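The values are calculated or read from the model by the stated rules, or taken from the named source; none is laboratory data. All values reported here derive from a predicted model rather than from experimental measurement. FYI the Cβ positions are ideal-geometry reconstructions off the backbone, even for glycines, and counts take in every protein chain you see. The accessibility values were calculated without ligands, DNA or RNA, using every heavy atom of the protein model including side chains. Shrake-Rupley method; radii C 1.70, N 1.55, O 1.52, S 1.80 Å.
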Amino acid sequence: MPEMHPMIQLLLPEIALILGATAVLLGGLIPALRNRSALVSLVAIALALWLGARLSMLEIKDADAVVSLQHGPLVWYARLITLAIGALIIMVNRHVPDDAERGEYFALILFSLAGVTLTSVANSLVVLFLALELVSVPTYILIGLSRRDIAAQEAAGKYFFLGAFAAAITLYGFSFLYGAAGTMTMFGENSITAKIASEGSIHDALVLVGLLLSLAGLAFKIAAVPLHFYIADVYQGAAAPITGMLGFVPKFAGFLALIQLLGLTSWKYGDEIFWLLFAMAAVTMLVGNTLALMQHNIKRMLAYSGVAHSGYMLVALVAGPILIDTGRAPLRDGIAALLFYMTAYGIMNLGCFAALSFFRKPGTDDPDESAETTDDIAGAARTHPWAALCLAVCTLGLMGFPAHRRLHGQALHYLLGPVRRR
Amino acid sequence: MFEIGLNHYLVLSALVFSLGVLCMATKRNAIGILIGVELVLNSANINLVAFSKYSAGAADGHIFAVFVILLAAAEAAIAIAIFMNFYSALRTIDVDRGDELRN
């Protein structure tokens with residue numbers, strides 16, 4: 001690779017994604033090029049994946065001189081699974097948008113994916129906040145574009161208001177973290193982590209308020225109880241293929257940001273935050289599963305199932321990395337379990353919604369009359385055998401049957417570790 | 001005479017934050033809710049600039065505030081686009097009228 005500024009080198013995959021998105025956006029203006037939008041998006045993702053893989057093997061000169069970005073196993077892993085599942089998302093969505101909107105639609109998906117990978121690359125509160133917004137702002141538009149009817153507009157409106165509000169609260173929390181440490185840099189020398197560790201100021205009121213407010217805003221992104229109430233409405237209103245994306249992209253970004261934030265305290269956060277996360281995980285699992293049982297609409301049921309899965313992943317987050325090395329990004333134990341679970345969940349969830357997008361209400365062929373309730377898909381195995389098989393496999397996977405079982409056990413084991421130590 | 005210090009700014013931003021939250025919770029007009037979101041963003045901006053001046057001594061808080069202002073503008077543009085669609089479907093931007101989605 002030719003000599004480049006280390007900052008550009010660290011960001012090459014994201015630059016490829018953004019350039020690809022811009023090309024798709026502009027190409028969408030030309031009718032002859034519109035049909036290639038999905039293909040060009042896939043090429044951009046493949047390019048970003050290749051660049052990411054090259055970077056992970058390369059020794060980058062002066063990489064530590066770039067204070068606002070980080071690199072390491074967490075970044076490589078986040079890029080790999082975001083881009084791999086992102087390619088699946090593009091393929092699942094290829095028939096969704098109207099002809100005139102193909103360019104915007106795929107460009108927005110690419111922007112959102114770039115936001116997820118940037119969340120893991122961020123080593124500064126500014127970059128972290130802008131990355132989180134880059135994830136969510138395109139999703140507001142995508143929901144509105146995905147279907148023509150009132151329900152989709154209402155879902156976009158609800159998601160926008162609550163999402164913008166949660167982002168504003170996260171920002172308010174970040175401002176206190178900045179005030180407590182006097183720097184935006186998250187890890188490394190002269191950073192928030194170093195300040196908190198050296199002054200032992202975990203119980204400093206500013207740090208505590210900052211962390212609590214940021215956690216509240218991020219709990220919305222991962223749809224943890226009590227900030228889960230919007231999710232069923234949004235899933236129901238959006239078209240099924242874009243719902244499959246909503247289950248993975250904002251949730252993964254939220255968990256990456258949570259990993260970064262808890263890392264600020266070197267994972268030695270106080271009892272207040274420990275019990276808050278503990279209670280949130282327990283209540284999220286319980287409420288998510290209970291509400292899912294009460295639904296007749298399949299998308300609402302899957303939405304609450306997603307809430308419950310966030311609870312499982314919160315368990316792994318509470319466990320955290322048991323052995324902390326001096327590197328910038330911890331990637332083992334609870335965090336490794338979380339990332340692995342996220343990958344499996346992202347694929348299974350996308351599979352469910354991809355299959356669901358094939359089914360229509362009985363007796364119609366209109367794409368706007370997609371199947372809603374469990375009665376609508378009765379006998380689907382006869383009309384759409386492959387889609388029905390895919391739905392069955394993916395729902396079984398979401399139930400934790402059979403390969404997930406070991407994972408649950410592992411997460412619980414890591415959870416009990418810190419509890420026993422206390 | 002008293003000097004204006006960090007605490008005055010923090011109290012002001014907490015006030016603006018509470019007003020923003022209150023505005024979000026009580027307004028039924030979509031534009032009113034958007035104003036609430038902007039108030040909360042601006043309360044964070046006040047914090048950032050005040051901390052930058054009084055405790056950090058570096059300009060990064062100011063720079064973050066500029067980014068947040070840009071972001072607020074982008075969000076407002078998207079909000080207006082969503083309201084236009086909402087309005088053309090329902091002939092109102094009263095958010096309570098959106099009740100298509102329920103169990």
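Computed over every Cα-Cα pair of segment A:77-117 and binned at 10 Å starting from 0, the pair-distance distribution P(r) comes out as 30, 52, 17, 2 percent. Remark: the protein assembly as shown carries 42 Å² of accessible area per residue (probe radius 1.4 Å; ligands, DNA and RNA excluded).
Based on the Kirkwood approach, the hydrodynamic radius assigned to chain A is 21.9 Å, with every pair of different Cα atoms included. For segment A:6-415, the share of accessible area belonging to carbon and sulfur comes to 68 percent (1.4 Å probe, ligands and nucleic acids excluded).
Database remark: amide H of A:Arg360 closer than 5 angstrom to the amide H of A:Ala371 (H placed geometrically; neighbours at sequence offset of 5 or more, or on other chains; Pro and chain starts carry no H). Per the Debye formula with a single identical scatterer at each Cα and no solvent contribution, what log10 I(q)/I(0) holds for segment B:1-58 at q = 0.14 Å⁻¹? Evaluating at q = 0.14 Å⁻¹ gives log10 I(q)/I(0) of -0.44. Scalar couplings 3J(HN,Hα) for segment A:237-250, obtained by applying the Karplus form with A = 6.51, B = -1.76, C = 1.60 to θ = phi - 60°, are x, 7, 5, 4, x, 6, 5, x, 5, 4, x, 9, 5, x Hz; x denotes Gly and Pro.
If only the Cβ of Lys and Arg carry +1 and only the Cβ of Asp and Glu carry -1, the dipole of chain A around its Cα centre is close to 800 debye.
Each label point was placed 7 Å from the Cα along the Cα-to-Cβ direction; for A:Leu212 and A:Ala32 their separation is 6.2 nm. Toward the positive end of the charge dipole of the protein assembly as shown, with +1 on the Cβ of Lys and Arg and -1 on the Cβ of Asp and Glu, the farthest Cα among B:Ala56, A:Gly263, A:Leu356 is that of A:Leu356. The Cα trace of segment B:6-96 gives Rg and Dmax of 15.8, 51 Å, the first to one decimal, the second as a whole number. Hey, what angle do you get for helix A:333-356 against the long axis of chain A, alpha-carbon based, 0 to 90 degrees rounded to 10? Taking the Cα atoms of chain A, the angle to A:333-356 is about 10 degrees. Each Cα pair under 8 Å and six or more residues apart adds its sequence gap; the mean of these over the residue count of segment B:6-96 is a relative contact order of 29 percent.
With the simple model of a label 7 Å out from the Cα in the direction of the Cβ, A:Leu286 to B:Ala76 spans 4.4 nm. Counting only DSSP H runs of at least 4 residues, each contributing -39500 (n - 2.57), and dividing by the residue count of the protein assembly as shown, the helix-based mean residue ellipticity at 222 nm comes to -24000 deg cm²/dmol.
Taking the 1.4 Å solvent-accessible surface of segment B:6-96 as the whole, the part contributed by carbon and sulfur is 71%. In this entry, segment A:140-183 is assigned a mean projected area of 3.3 nm², taken as a quarter of its C-alpha convex hull surface. Length gained on full extension, A:Glu199 to A:Leu293: 29.0 nm, using 0.36 nm per residue less the C-alpha separation.
Taking every residue in A:179-192 and counting other chain Cβ atoms within 10 Å of its Cβ, the average works out to 3. On the basis of the beta-carbon distance and an R0 of 56 Å, A:Glu101 and A:Leu396 show a calculated FRET efficiency of 0.95. Once the Cβ-Cβ distance of B:Ile35 and A:Leu19 is raised to the sixth power relative to R0 = 25 Å, the FRET efficiency obtained is 0.10.
With the gyration tensor restricted to C-alpha atoms of segment A:1-134, the semi-axes of the equivalent ellipsoid amount to 28, 14, 13 Å, longest first.
For the interface of chains B and A, what total accessible area is buried with a 1.4 Å probe, rounded to the nearest 100 Å²? Answer for the B-A pair: about 3500 Å² buried. On a per residue basis, the convex hull of the C-alpha atoms belonging to segment A:30-95 measures out at 112 Å³. Is segment A:224-353 best put as rounded, prolate or oblate by its Cα gyration tensor, with a ≥ b ≥ c the root eigenvalues, rounded for a/c under 1.5, and otherwise prolate when a/b is larger than b/c, oblate when not? Prolate, because a/c is 1.5 or more and a/b exceeds b/c.
Per residue of peptide A:156-163, the mean number of Cβ atoms on other chains within 10 Å of the residue Cβ is 5.
For A:Leu69, the residues 5 or more places off, or on other chains, whose built amide H falls under 5 Å of its own are A:Asn123.
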